[in-house]
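Scroll down for the structure; my scribbles are underneath it.
The values are calculated or read from the model by the stated rules, or taken from the named source; none is laboratory data. As the structure is a computational prediction, the values presented were derived from the model and not from experiment. So basically every Cβ, Gly included, is an ideal-geometry build from the backbone, and we count neighbours across all protein chains shown.
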């Protein structure tokens with residue numbers, strides 16, 4: 001017997017309020033190419049990306065701390081598979097603990113050869129130093145910056 | 001105050017496959033429900049409440065899709081609510097059904113659900129949308145990349161290799177070959193896994209779970225009901241949930257409570273269900289485990305979180321066969337999530353499989369003399385963890 | 001079947017009309033959580049578990065509980081999510097306390113207005129097999145139910161209109177200064193006959209949190225102002241509107257029976273001091289009145305004219321102004337329960353019914369009241385039976 005199917009698409013747009021904390025973070029990126037974290041007084045940790053409160057202590061965060069532009073890799077992966085709606089592979093991204101921060105922020109790793117996975121993985125090994133690079137024209141979102149590994153000595 | 005016991009008196013699961021073009025989403029739910037009712041020898045009228053198991057609506061492409069499932073589970077004019085804790089949904093649903101009975105509201109509860117993952121195109125496209133739009137939605141995050149990063153940290157911390165990961169796939173495929181419900185049931189070798197295409201370093205295609213379609217259902221009943229009717233049951237002796245920070249980056253760096261390499265909140269969840277069940281020495285007391293692990297590397301930290309090995313210790317023990325069928329504590333004798341993943345019910349199937357194991361009904365994948373088993377489910381960005389202890 | 005051990009509500013925070021755009025959703029939830037905890041005079045460390053009810057599509061996050069979890073104290077805690085309805089979070093939280101395994105629970109629901117168009121979000125709940133091509137959002141479903149009532153009950157439109165007037169008047173007293181904007185012809189929320197623009201309220205952003213506790217906890221901490229759950233019931237209609245008798249509410253009747261049996265209610269009109277019922281449209285309130293045993297359909301108009309259910313009447317319904325005044329769509333159900341809890345605790349502020357000792361809340365969600373939850377709350381000192 002004949003089996004039928006239907007095509008459907010979801011067309012919903014969202015206008016998400018980012019709140020004061022995230023707005024400050026992104027305006028600093030957009031206008032000054034600077035990165036900031038917020039300190040959770042109870043644990044002492046500087047949270048990056050910044051939040052108005054710590055979900056560990058459930059207390060409001062207390063002060064802004066400028067972080068980066070240097071940092072170290074805490075986690076990474078390199079994607080070689082194509083997925084609908086996601087970038088064209090290969091690309092590398094992961095998490096970086098910026099200098100003076102205590103948590104890691106997500107971002108893309110650029111400027112390295114990804115053709116050889118094992119070699120690229122070595123360059124991105126946990127603990128590797130990176131520098132934050134900023135786009136010339138910034139909108140105020142996470143794609144305004146990325147990380148580049150330091151050149152091989 | 002002693003809580004009356006709650007037992008599992010029926011389970012039902014589809015033969016999971018990639019696509020089910022012959023059935024609509026509610027049809028798949030109904031399929032599993034019918035199997036579970038038959039297993040429990042009950043009719044729809046015997047069910048007094050339903051807990052519906054469904055994770056992201058976007059996977060099945062229907063908003064609040066549980067509304068469409070009401071008829072499939074026979075819930076008209078009955079108690080009905082739906083649970084969503086991401087990948088842990090299935091086990092959270094079983095546990096929620098447990099609470100209905102333990103609260104004394106009713107004696108017989110059905111929990112059921114299904115997934116048709118293949119219908120939404122790339123599940124990673126949908127799963128990218130679980131991340132918060134403020135800081136992370138624009139990054140190409142998905143569950144594969146998120147857990148590939150866990151693998152990277154676990155390698156760094158404990159020296160796990162890609163061959164170690166492949167070994168998990170080999171073990172689970174061997175188990176799945178004995179499971180008529182499993183989606184991927186063809187045995188494989190380390191070489192084959194290593195040669196499969198690289199998805200997200202270090203995770204290769206055969207380190208990943210499939211996208212499965214199919215349904216799962218379970219019937220739970222009160223001890224009074226079970227005794228009065230002299231039913232066979234697997235007893236739920238421990239339940240618990242715990243969750244981590246949503247922020248992956250907070251599980252790294254300095255001063256973290258949970259490391260993204262490990263499964264700290266899973267350990268905390270097991271602490272709760274173990275305490276309830278009186279399991280104080282899991283390595284001695286646990287006969288069989290069904291631990292939610294959609295990627296090969298994640299089985300290691302799950303085993304350790306369950307207290308079945310020290311941190312980093314499961315690698316060598318798995319290599320030695322400790323967690324294979326025939327070994328000391330078989331882990332995922334069904335083949336696990338790695339071989340079958342219908343997201344909405346995967347974690348329920350973990351509990352269902354343990355129920356089968358401790359009642360001696362697990363067919364060719366039966367763990368001999370299994371009397372006490374554990375099940376776990378993971379959800380969100382490795383954030384929500386539900387665990388159960390189920391005994392004969 | 002035994003009755004569950006008693007569960008008490010000891011803290012409430014209700015925000016049906018959040019207008020400041022300065023906070024992100026997570027920050028709103030954080031503030032609402034802290035407020036409910038403060039009202040209950042406890043800290044997050046005292047919370048044994050959390051249940052939230054939120055809609056993935058309203059939030060714009062494929063698993064709504066993920067980003068929200070930390071805001072409500074979910075880290076290192078037992079947190080579950082019931083996306084079927086906000087009020088289901090209350091149900092599950094209450095069950096958990098009733099097992100004796102939890103001393104406290106936090107239950108929350110919220111409803112942002114960041115998604116547009118909302119009717120498209122709701123329309124996605126229609127099944128793709130038979131109904132998705134129709135403009136079947138919740139307003140349409142409510143309208144179909146209203147149409148069924150128009151056909152079944154002569155004069156019902158007048159009774160419905162009287163409810164709108166009553167609830168808006170209540171709302172003006174409960175939330176003074178908050179204008180209830182008329183949902184006119186707008187991109188985000190079109191209306192459907194016979195629902196006139198002034199028969200529904202435009203969606204607002206809202207959040208609500210409640211703290212539940214066990215008798216042991218309450219005794220140990222000598223908690224005052226407890227609203228005890230005297231009875232609770234919940235049930236669902238079938239999936240397709242076409243399979244239902246839209247002029248009636250059988251699932252609500254089933255939920256009422258569960259709750260009334262548990263609380264030994266035999267004369268409903270005489271048993272309660274207040275009620276909060278689902279009034280997303282006035283027709284829902286009429287159906288709820290009937291199912292709850294307050295007024296059969298033949299008496300709707302008479303009761304409306306007499307003011308039986310208005311302030312000062314025998315049984316005031318929706319002193320908060322209901323969803324007809326403020327409509328944070330996804331959390332209106334939990335708000336009904338929270339409002340009755342506050343009445344019984346003497347904490348309903350400007351719209352408090354003096355001396356309210358027992359009340360009933362009805363929460364409905366989905367198209368044309370698909371899910372129905374009934375919760376009876378009492379001070380416990382007026383002779384509530386086991």
I'd like to know if the range C:126-149 contains one or more residues that are over 21 Å from residue C:285 (Cβ atoms) and crowded, with 24+ Cβ neighbours inside 10 Å. yes
Taking the options C:68, C:109, name whichever one is under 16 Å from residue B:242 (Cα atoms), crowded, with 24+ Cβ neighbours inside 10 Å and either in contact (Cβ under 8 Å) with a residue 40 or more places away in the chain or out of contact with any strand residue (DSSP E or B) (no Cβ under 7 Å at 6 or more places or on another chain) (or both). C:68
Collect the residues in the range C:218-235 that are in contact with a strand residue (DSSP E or B) (Cβ under 6 Å, 6 or more places away or on another chain) and either part of a loop (DSSP other than H, G, I, E, B) or more than 13 Å from every other protein chain (Cβ to nearest Cβ) (or both), keeping them in residue-number order. C:218, C:223, C:226, C:227, C:228, C:230
Can you tell me which residues in the range B:111-126 are over 22 Å from residue B:236 (Cβ atoms) and either free of Cβ contacts under 8 Å to residues at least 40 places away in the same chain or more than 8 Å from every other protein chain (Cβ to nearest Cβ) (or both)? B:114, B:115, B:116, B:117, B:118, B:119, B:120, B:121, B:122, B:123, B:124, B:125
Tell me which residues, restricted to the range A:66-100, are more than 7 Å from every other protein chain (Cβ to nearest Cβ), part of a loop (DSSP other than H, G, I, E, B) and buried (at least 21 other Cβ atoms within 10 Å of the Cβ). A:68
So residue A:105 fits all but one of (1) in contact (Cβ under 8 Å) with a residue 40 or more places away in the chain; (2) closer than 23 Å to residue B:150 by Cβ; (3) surrounded by fewer than 22 Cβ atoms within 10 Å (Cβ to Cβ); what number is the exception? (3)
Residue count, the range B:254-278 (criterion: touching a residue at least 24 places away in the same chain (Cβ under 8 Å), buried (at least 21 other Cβ atoms within 10 Å of the Cβ) and outside any helix (DSSP H, G or I)): 4
When the range C:115-125 is checked residue by residue, the ones that are surrounded by 18 or more Cβ atoms within 10 Å (Cβ to Cβ) and within 10 Å of another protein chain (Cβ to nearest Cβ) are C:115, C:118, C:120, C:121, C:122, C:123, C:124, C:125
All-but-one check, residue A:45 against (1) within 23 Å of residue B:157 (Cα to Cα); (2) touching a helix residue (DSSP H, G or I) at 6+ places or on another chain (Cβ under 9 Å); (3) more than 14 Å from chain C (Cβ to nearest Cβ); (4) in contact (Cβ under 8 Å) with a residue 24 or more places away in the chain, failing number (3)
Just to be sure I understand the filter: pairs with C-beta atoms under 7 Å, separated by 6 or more residues or on different chains, first member in the range C:250-271 and more than 14 Å from residue C:358 (Cβ to Cβ), second member part of a loop (DSSP other than H, G, I, E, B). Which pairs pass? C:250/B:77; C:251/B:77; C:251/C:237; C:252/C:369; C:254/B:77; C:256/C:292
Of the residues that sit in the range B:162-202 and are without any contact (Cβ under 8 Å) to a residue 40 or more places away in the chain, more than 19 Å from residue B:324 (Cα to Cα) and not in a helix (DSSP H, G or I), which one is nearest to the other protein chains (Cβ to nearest Cβ)? B:198
Which residues, counting only those in the range C:236-292, are in contact with a helix residue (DSSP H, G or I) (Cβ under 7 Å, 6 or more places away or on another chain), within 14 Å of another protein chain (Cβ to nearest Cβ) and part of a helix (DSSP H, G or I)? C:241, C:252, C:253, C:256, C:291
Out of the range B:233-253, which residues are touching a strand residue (DSSP E or B) at 6+ places or on another chain (Cβ under 7 Å) and in a loop (DSSP other than H, G, I, E, B)? B:233, B:252, B:253
Can you tell me which residue within the range A:19-42, out of those that are in contact with a helix residue (DSSP H, G or I) (Cβ under 7 Å, 6 or more places away or on another chain) and within 13 Å of chain C (Cβ to nearest Cβ), is nearest to residue C:28 (Cα to Cα)? A:19
If residue C:100 satisfies all but one of (1) more than 10 Å from chain A (Cβ to nearest Cβ); (2) on the phi > 0 side of the Ramachandran plot; (3) free of Cβ contacts under 8 Å to residues at least 40 places away in the same chain, what's the number of the condition it fails? (3)
Reported set for the range B:255-276 where residues are in contact with a strand residue (DSSP E or B) (Cβ under 7 Å, 6 or more places away or on another chain) and within 10 Å of chain A (Cβ to nearest Cβ) is B:260
Just need a number here: residues in the range B:114-123 that are in contact with a helix residue (DSSP H, G or I) (Cβ under 6 Å, 6 or more places away or on another chain) and either closer than 25 Å to residue C:70 by Cα or part of a helix (DSSP H, G or I) (or both). 3
Qualifying position, being out of contact with any strand residue (DSSP E or B) (no Cβ under 6 Å at 6 or more places or on another chain), in a helix (DSSP H, G or I), touching a residue at least 60 places away in the same chain (Cβ under 8 Å) and assigned by TED's automatic domain parsing to the domain that holds residue C:275, among C:311, C:332: C:332
As an exercise: evaluate residue C:355 against (1) touching a residue at least 40 places away in the same chain (Cβ under 8 Å); (2) surrounded by fewer than 24 Cβ atoms within 10 Å (Cβ to Cβ); (3) over 21 Å from residue C:215 (Cβ atoms); (4) in contact with a helix residue (DSSP H, G or I) (Cβ under 7 Å, 6 or more places away or on another chain) and give the number of the one condition it does not meet. (4)
Mind checking which helices (runs of 4 or more DSSP H) fall wholly inside the range B:6-110 and carry at least 3 residues that are within 7 Å of chain C (Cβ to nearest Cβ)? B:66-69, B:89-102
Which members of the range C:150-171 meet the condition of being buried (at least 19 other Cβ atoms within 10 Å of the Cβ) and part of a loop (DSSP other than H, G, I, E, B)? C:153
Of the residues in the range B:323-376, those that are in a helix (DSSP H, G or I), over 10 Å from the mean Cα position of the chain (by Cα) and within 23 Å of residue B:123 (Cα to Cα) come to B:338, B:339
